[in-house]
Amino acid sequence: MIMPFMLLILKLVLVPVFIGLISIATRRFGALIGGIIAGLPAVAGPIVYVLAFEHGADYVRTASISTLAGLMSFSAFGIAYSWMAKHTKWPITIAVALICWFISTYFIHAFEPNLLAAFALAIIGLVVALLVLKVHEVADSGVSNNEIILRMVLGAALTLFVSFASGFASVSITGFLAGFPVFGTIFMVSTHTKFAAEHCANLFRGWTWGLFSYALFFASLVILLGKMGINSAFLLASLISLLPGPIIYLAQKEY
């Protein structure tokens with residue numbers, strides 16, 4: 001059995017490391033590549049994998065459906081932040097964006113979507129974000145090593161808060177909390193404080209492309225866990241989630 005504190009340690013290691021990798025990739029290759037990497041289930045995958053052995057496949061299937069539907073809330077968060085960033089400073093902007101996330105999550109949770117509805121909500125949310133958020137021509141948006149370290153520390157702190165809150169939640173709500181915009185809060189606020197609002201829109205738009213991989217991972221996982229063992233299901237779902245990345249990159253490059 002995996003003790004709760006061991007699962008927390010796993011989160012506290014993976015989240016900061018992944019934040020650092022995304023920051024470096026975005027600085028080196030741009031928002032699109034950073035977004036594609038950010039969309040990979042490099043953090044959620046291992047955590048959900050541990051939960052599958054701790055609580056069983058049915059627990060993970062239920063939580064995964066909520067996590068999948070929660071992409072609609074994440075899209076609402078990103079759209080709200082990108083729009084508000086044009087009009088006000090980051091404290092009000094992040095407050096409005098998080099309120100949009102909570103409101104969206106509340107209604108989606110009340111709806112109790114099945115897998116098909118959750119997947120549809122996720123894709124609709126991502127497509128709407130791509131349509132609403134336009135590409136902006138902006139100057140270089142690199143961040144320093146010190147800023148990357150600060151992002152990692154803040155990511156760990158926010159992870160602690162979300163993990164504490166999830167300890168009092170049901171299975172489905174835990175799934176939504178797994179999709180709480182930890183990365184979104186850290187990256188959008190740090191980008192907003194240093195650069196123009198257009199950088200926030202570019203960042204989230206690149207991220208949105210990557211989240212198609214995230215959606216594909218959880219949708220595949222729900223299906224596969226009902227047909228095969230945990231190890232095989234996670235391996236195959238992870239491989240499937242890699243498919244959109246190269247296609248999106250090549251399509252955007254040609255465009």
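The values are calculated or read from the model by the stated rules, or taken from the named source; none is laboratory data. Because the structure is a prediction, the values reported are computed rather than measured. Cβ coordinates were reconstructed from backbone atoms using ideal geometry, including for glycine residues, and neighbour counts include every protein chain displayed. Remember, those area values only see protein heavy atoms, side chains included, never the ligands or the DNA or RNA. Shrake-Rupley method; radii C 1.70, N 1.55, O 1.52, S 1.80 Å.
Considering only residues that are among the hydrophobic types (A, V, I, L, M, F, W, C) and in contact (Cβ under 8 Å) with a residue 60 or more places away in the chain, which ones fall in region 55-78?
Ala57, Val60, Ala63, Ile65, Leu68, Ala69, Leu71, Phe74, Phe77
Of all residues in region 1-23 being β-branched (Val, Ile, Thr) and at pLDDT 70 or above, which is nearest to Gly56 (Cα to Cα)?
Step by step, filter region 1-23, then rank; the result is Ile9.
Please identify the pairs in which a residue from region 228-255 that is part of a helix (DSSP H, G or I) has its Cβ atom under 6 Å from the Cβ atom of a residue that is open to solvent by 70 Å² or more (accessible area, probe 1.4 Å) and modelled with pLDDT of 70 or more, counting only partners at least 6 apart or on another chain.
Partner pairs satisfying both residue conditions: Phe234/Tyr49.
So, of the residues in region 55-64 that are among the hydrophobic types (A, V, I, L, M, F, W, C) and open to solvent by 10 Å² or more (accessible area, probe 1.4 Å), which turns out to be nearest to Ile108 (Cα to Cα)?
The selected residue is Ala63.
Cβ-Cβ below 8 Å, separation at least six or inter-chain, first residue in region 144-163 and of a type in the set (Lys, Arg), second surrounded by 14 or more Cβ atoms within 10 Å (Cβ to Cβ) and assigned to a helix (DSSP H, G or I): which pairs?
These pairs meet every condition: Arg151/Ile19; Arg151/Gly20; Arg151/Ser23; Arg151/Ile186; Arg151/Phe187; Arg151/Ser190.
If I go through region 22-54 residue by residue, how many of them are free of Cβ contacts under 8 Å to residues at least 40 places away in the same chain, more than 15 Å from the chain's Cα centre (by Cα) and open to solvent by 40 Å² or more (accessible area, probe 1.4 Å)?
2
Please pick out the residue among Thr67, Thr88 that is β-branched (Val, Ile, Thr) and either at pLDDT 90 or above or open to solvent by 20 Å² or more (accessible area, probe 1.4 Å) (or both).
Thr88
Kindly state which helices (runs of 4 or more DSSP H) lie completely within region 1-110 and contain at least 3 residues that are of a type in the set (S, T, N, Q).
Output list reads 57-84.
Hey, Phe111 hits all of (1) within 16 Å of the chain's Cα centre (by Cα); (2) modelled with pLDDT of 80 or more; (3) under 21 Å from Ser64 (Cβ atoms) but one; which does it fall short on?
So Phe111 meets the others, but not (1).
Testing Phe234 on (1) under 13 Å from the mean Cα position of the chain (by Cα); (2) crowded, with 23+ Cβ neighbours inside 10 Å; (3) of a type outside the set (Lys, Arg), one condition comes back false. Which one is that?
(1)
Given the criteria of a type outside the set (Gly, Ala, Ser), under 19 Å from the mean Cα position of the chain (by Cα) and surrounded by fewer than 23 Cβ atoms within 10 Å (Cβ to Cβ), does Ile99 qualify?
So Ile99 fits the description; yes.
Restricting region 206-227 to residues that are touching a Lys or Arg at 6+ places or on another chain (Cβ under 8 Å) and part of a helix (DSSP H, G or I), which is surrounded by the fewest Cβ atoms within 10 Å (Cβ to Cβ)?
Of everything passing the filter in region 206-227, Val222 is surrounded by the fewest Cβ atoms within 10 Å (Cβ to Cβ).
Taking region 111-131 on its own, how many of its residues are open to solvent by less than 50 Å² (accessible area, probe 1.4 Å) and either touching a strand residue (DSSP E or B) at 6+ places or on another chain (Cβ under 9 Å) or not in a helix (DSSP H, G or I) (or both)?
The qualifying residues number 1.
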